[in-house]
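Report on the structure given below.
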Amino acid sequence: MQKTAHRNTQQRQLVYDVVQKSCDHPTAEAVYIRCREDAPNISLGTVYRNLAHLSESGAIKRLVSGAGPDHFDFNLESHYHFLCTECGEMTDIPKEVSPSEKEVMAPKDAGFDIKSYSLIYMGVCPECKKILKKEEKVL
């Protein structure tokens, strides 16, 4: 079977541009909503297909937490993320508070041949903590 070349369509470029301009690690739904501002006729299926292609080709990163929808990141450098279990927002963990790469790569010492890794912390973000504290005071 002959492989066909993947061309860079206008829709794929739009999806890529939306992810690249987003600092909030958008979900496919968020990318779709943002794409519709420039291309009102784009379908959700088209956005999903292009996100899959872009992440499989290595142009963007797919962040899978197992808790809710996948998020997407244009920053391909090694870094860690935090997912708020209350609001669903994903943010970068600043390098100065991240664990060292040696701590993350420890399984290599057990004989694993590690090609890549992803680390997503989960918990409650500062904004949601404030809201939860206010709700506790009301009760």
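The values are calculated or read from the model by the stated rules, or taken from the named source; none is laboratory data. Keep in mind the model is a prediction, meaning the values are calculated, not measured. Please note: Cβ atoms are built from the backbone with ideal geometry, for glycine as well, and neighbour counts cover all protein chains shown. Note: accessible area is taken over every heavy atom of the protein model, side chains too, but ligands, DNA and RNA are not part of it. Shrake-Rupley method; radii C 1.70, N 1.55, O 1.52, S 1.80 Å.
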Members of region 28-40 that are open to solvent by 50 Å² or more (accessible area, probe 1.4 Å) and of a type outside the set (Lys, Arg)
Glu29, Ile33, Glu37, Asp38, Pro40
If you take the residues of region 52-68 that are surrounded by fewer than 17 Cβ atoms within 10 Å (Cβ to Cβ) and charged (D, E, K, R), which of them is nearest to the chain's Cα centre (by Cα)?
Arg62
Filtered residues of region 66-121 (kept if within 21 Å of Cys23 (Cα to Cα), modelled with pLDDT under 75 and outside any loop (DSSP other than H, G, I, E, B))
Lys95, Glu96, Val97
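What about Ser43, is it surrounded by fewer than 19 Cβ atoms within 10 Å (Cβ to Cβ), over 18 Å from Glu89 (Cβ atoms) and under 12 Å from the mean Cα position of the chain (by Cα)? Can you show your working first?
On the way: surrounded by fewer than 19 Cβ atoms within 10 Å (Cβ to Cβ): yes; over 18 Å from Glu89 (Cβ atoms): yes; under 12 Å from the mean Cα position of the chain (by Cα): no.
So Ser43 fails the test.
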Given His79, His25, His71, which one is without any contact (Cβ under 8 Å) to a residue 24 or more places away in the chain and either open to solvent by less than 20 Å² (accessible area, probe 1.4 Å) or within 12 Å of the chain's Cα centre (by Cα) (or both)?
His79
